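Colleague: Sharing a structure below in C-alpha cells format, with a few things to ask.
The values are calculated or read from the model by the stated rules, or taken from the named source; none is laboratory data. All figures in this text were calculated on a predicted structure; none of them were measured in a lab. So basically every Cβ, Gly included, is an ideal-geometry build from the backbone, and we count neighbours across all protein chains shown. These area figures cover heavy atoms from the full protein model, side chains too; ligands, DNA and RNA do not enter into them. Shrake-Rupley method; radii C 1.70, N 1.55, O 1.52, S 1.80 Å.
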Amino acid sequence: MPIAFTTAGELPHDLDALGIPVFAGLEPLPGVPVEIDRRFCEQRGFEAKAGEALALQGDDDVTVVVVGLGALEEVGRETLRKAGAAFARTSGHAAAAAFSLPGARPAGVDAGTAAEAVVEGIALAAYEFTTYKGRARPTGLERLSVVGDDAAALGAGVVRGARIAEAVCMARDLVNEPAGAMTPRRLADVARELADRHGLSVTILDEVAIASEGLGGLAGVAQGSDEPPRLIELVYQPSSPAPGVGDGHVPTVALVGKGITFDSGGLSIKTADGMMTMKTDMSGAAAVLATMSALADLAVAAKVIAIVPTTENMPGGRAVKPGDVLKIRNGKTIEVLNTDAEGRLVLADGLSLAAEAAPDAIVDVATLTGACVVALGRQIAGLMGNNEDLVGQVRGASERAGEPVWHLPLPEEYRKGIESEVADMKNISSPAGAGGALTAGLILGEFVGDVPWAHLDIAGPARSDADEGYTHKGATGFGVRTLIELASQFAAPRRETPAHR
Ligand code: BES
Ligand code: MN
Ligand code: ZN
C-alpha cells in the first residue's frame, strides 16, 4: 500500500514515530518541537553524520528518531533524501509518523525542495517487492506528515516528492518482475494501461508491423525467441504550453529506453553467472515508461515522446547468427558479430524512429555495456552525447535528482574500430575489450541524424546488491528521477554546441 503523505503546521496526535533532523555536533534545526537527550545520543555513538539515525523513547509511546544531517554547510538535497531513508529504516513498524522540517534550513535548500527530498528518501526506502513472497509481511509506514511552519511550500514539495517516488517504485516493480512474467507483450500492456490512466497517446507495433516498418534491428534480435517483440510509442502533450514560448513551439524531447526483457546473450551466449540478473536488461524501458506516468501529474510543460523497442534476446533455432547483417530503420546496415551486443541493435531502430519525429532532443537510457560498469562502477552511469548543451542539461538534472553520471567521450578516432568488411558498421569493435562503452555510444550516434542526443548507460546503477540508504537489493529505478527532472526543466538545446568527441 502506498504511504499517504501530508503536511501539517503542528505535530499530529497519535504518532508512532517522529523524525527530528540534527546537524553534526548534535545541533537540532532551530524550531524542532522536542528536546533531544544529548547524553543518550553521545553514549550510543550517534554523531549525526548524514544518513545516520537513532531511535529514542519519547513521551506517549512515540519513538523519537534523531536523524543526522552532517555538517550544516554540506547539507543538500541528497543529504535530505538520505535522512528520510535513515528515518524510514529506523522507525521500524510505525504506521503513523511525522518528520519535522522547521523553518530555518540550510542555504540553497528551500522548504519545497527539502520536503520533496525527504519524502523521496522515505518512500524509496520503504519500498518492498513482495509479489512472490508467501508469508504476509509485517505492516510498515502508512501515513507520514511533514511538519513545519511554511505549510504551503512544504505541501507542494511533499506532493512532488511522493509522485516522483511513486514513479521510481513503478520502474523498480517492472524490473523486479521475473522475465517470464514481464515479457515484451506484457510491457506493451503496461504502456496501454499507463496511456489510459494518464491521458497519453499510445501506439504499439506487433511483430508484423515491426517487420513491415523496417525495424530490422529489433526484428533481428527477436528472431531467436518464441516471445514476439513489440515497439511501444507513447506521447505526452502538455495541456499548458511552456511560459515565455512566443512562437507556439512546444519544446519536445524524445526518450528511448532499452527493453530487453531477458538477455541470454543469444548464440554468443552468456555464462550462468552473467545471465543471472539479465531480467534487469529492460531497466531503460522501465525508466522511460515510469517517467511518462508522472508527467501529467507534475504538469510538465514540454512535449515528451517515449519510444521503447522491446524483445527477448534468446538463442533459438531461428536466432540471428554471428556474421548476419541487419538493416536498421534509417537504412544503415550492421554486421552482427556478437549477438550479446543486442542493445545497440534494438536502440538503433528506436533512435531512428525518434529522429524521424524531429524532436528538439533525444535521450536514450540503456543497460548497455559491462564495460561501463568496469569504468564507473555500480553507482555512476555513463553519459555520452553529440551536443554540449543537452549533455549539460542531463548532467544538471542528474545532479539535482541525486543520480550520479559521468560524461564520457565519443572519440572520432575510435570510429574506425567499428568498420565492417561487409556492412556499414559492425556491432562490436576491434580491438575487443577496449573502451566498450564508447563503442556502443558511437554506434548509437549513427542513428540520431543531426538531432541533439544524449545517451545514459545505466548498466551499473540499474541494480543494487545492497540494502542501503534509499536503495534496495534488486532494481533501483535509476534514471527515472533524472528524466523527470530533465523533462520538467527542458529547453530546446542550442544546436551549435557539438560535444567533445
Ligand atoms: N545487457 C548487457 C550489458 C550489461 C552487462 C548490463 C552487465 C548489466 C550488467 C549487454 O547487452 C551486453 O551483453 N553487452 C556486452 C557487449 C559486448 C558483447 C560487446 C557486454 O557488455 O559484455
Ligand atoms: Mn547482451
Ligand atoms: Zn543486453
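Colleague: Restrict the check to the range 265-283 and report whether at least one residue is more than 16 Å from ligand 1 (Cβ to nearest atom), of a type outside the set (S, T, Y) and in contact with a Leu (Cβ under 8 Å, 6 or more places away or on another chain).
Modeller: No.
Colleague: Any residue in the range 337-349 that is touching a residue at least 40 places away in the same chain (Cβ under 8 Å) and more than 9 Å from ligand 3 (Cβ to nearest atom) sitting within a Cβ distance under 8 Å of a residue that is acidic (D, E) and assigned to a loop (DSSP other than H, G, I, E, B)? List the pairs, counting only those 6 or more apart or interchain.
Modeller: Note: pairs meeting the criteria are A348/E446.
Colleague: Also, quick follow-up: Taking only pairs six or more apart or across chains, which ones have beta-carbon atoms under 6 Å, a first residue in the range 480-492 that is outside any helix (DSSP H, G or I), and a second residue that is open to solvent by 20 Å² or more (accessible area, probe 1.4 Å)?
Modeller: From residues that are outside any helix (DSSP H, G or I), the pairs are A492/D360.
Colleague: Then there is this: Considering only helices (runs of 4 or more DSSP H) fully contained in the range 182-282, which possess at least 1 residues that are within 16 Å of ligand 3 (Cβ to nearest atom) and crowded, with 21+ Cβ neighbours inside 10 Å?
Modeller: Qualifying helices (runs of 4 or more DSSP H): 184-198, 216-222.
Colleague: Look at the range 191-239 and say how many of its residues are touching a helix residue (DSSP H, G or I) at 6+ places or on another chain (Cβ under 6 Å) and basic (K, R).
Modeller: Looking only at that region, the number is 1.
Colleague: Considering the range 396-414 alone, what residues qualify as being surrounded by fewer than 18 Cβ atoms within 10 Å (Cβ to Cβ) and part of a helix (DSSP H, G or I)?
Modeller: Answer for the range 396-414, where residues must be surrounded by fewer than 18 Cβ atoms within 10 Å (Cβ to Cβ) and part of a helix (DSSP H, G or I): G396, E399, E412, E413, Y414.
Colleague: Could you say whether any residue in the range 426-442 is more than 16 Å from ligand 1 (Cβ to nearest atom) and either farther than 22 Å from G259 by Cα or not in a helix (DSSP H, G or I) (or both)?
Modeller: Scanning the range 426-442 turns up no residue that is more than 16 Å from ligand 1 (Cβ to nearest atom) and either farther than 22 Å from G259 by Cα or not in a helix (DSSP H, G or I) (or both).
Colleague: Return the residues of the range 371-395 that are open to solvent by less than 20 Å² (accessible area, probe 1.4 Å), part of a helix (DSSP H, G or I) and away from ligand 1 (no atom under 16 Å from the Cβ); say none if nothing qualifies.
Modeller: Once the filter is applied, which keeps residues that are open to solvent by less than 20 Å² (accessible area, probe 1.4 Å), part of a helix (DSSP H, G or I) and away from ligand 1 (no atom under 16 Å from the Cβ), the range 371-395 yields L390, V391, V394.
Colleague: In this structure, does S420 turn out to be in contact with a Lys or Arg (Cβ under 8 Å, 6 or more places away or on another chain) and of a type in the set (G, A, S)?
Modeller: Here the answer is yes, as S420 does meet what is asked.
Colleague: For the range 361-371, name all the residues that are closer than 21 Å to L483 by Cα and within 12 Å of ligand 3 (Cβ to nearest atom).
Modeller: A366, T367, L368, T369
Colleague: Among the residues of the range 321-340 satisfying the criterion of being open to solvent by less than 10 Å² (accessible area, probe 1.4 Å) and in a loop (DSSP other than H, G, I, E, B), which is farthest from ligand 2 (Cβ to nearest atom)?
Modeller: Only one residue tops the list, namely I328.
Colleague: I want to confirm something. Restricting to the range 171-181 and keeping residues that are part of a helix (DSSP H, G or I) and among the charged types (D, E, K, R), which single residue is least open to solvent (accessible area, probe 1.4 Å)?
Modeller: The qualifying residue least open to solvent (accessible area, probe 1.4 Å) is R172.
Colleague: Kindly indicate whether T311 is modelled with pLDDT of 95 or more and not in a loop (DSSP other than H, G, I, E, B).
Modeller: It is true that T311 is modelled with pLDDT of 95 or more and not in a loop (DSSP other than H, G, I, E, B).
Colleague: Considering the range 28-42 alone, what residues qualify as being more than 17 Å from A17 (Cβ to Cβ), surrounded by 13 or more Cβ atoms within 10 Å (Cβ to Cβ) and of a type in the set (D, E, K, R)?
Modeller: Hit for the range 28-42 is R38, nothing else.
Colleague: Might you let me know whether the range 360-370 holds any residue that is within 16 Å of ligand 2 (Cβ to nearest atom) and surrounded by fewer than 24 Cβ atoms within 10 Å (Cβ to Cβ)?
Modeller: yes
Colleague: Can we say P431 is under 30 Å from F87 (Cβ atoms) and without any contact (Cβ under 8 Å) to a residue 60 or more places away in the chain?
Modeller: no
Colleague: Is there a residue being more than 10 Å from ligand 1 (Cβ to nearest atom), assigned to a loop (DSSP other than H, G, I, E, B) and surrounded by fewer than 24 Cβ atoms within 10 Å (Cβ to Cβ) anywhere in the range 341-358?
Modeller: For the range 341-358, residues more than 10 Å from ligand 1 (Cβ to nearest atom), assigned to a loop (DSSP other than H, G, I, E, B) and surrounded by fewer than 24 Cβ atoms within 10 Å (Cβ to Cβ): present.
Colleague: Residues in the range 92-107: is at least one over 14 Å from P21 (Cα atoms) and charged (D, E, K, R)?
Modeller: no
Colleague: Residue by residue through the range 284-303, note down the ones that are outside any loop (DSSP other than H, G, I, E, B) and either more than 11 Å from ligand 1 (Cβ to nearest atom) or without any contact (Cβ under 8 Å) to a residue 12 or more places away in the chain (or both).
Modeller: A285, A286, A287, V288, L289, A290, T291, M292, S293, A294, K303
Colleague: Residue pairs, Cβ under 8 Å, 6 or more apart or interchain, first in the range 4-20 and closer than 13 Å to G148 by Cβ, second open to solvent by 60 Å² or more (accessible area, probe 1.4 Å) and assigned to a strand (DSSP E or B). List them.
Modeller: Short answer, once both residue conditions are applied: T6/R143.
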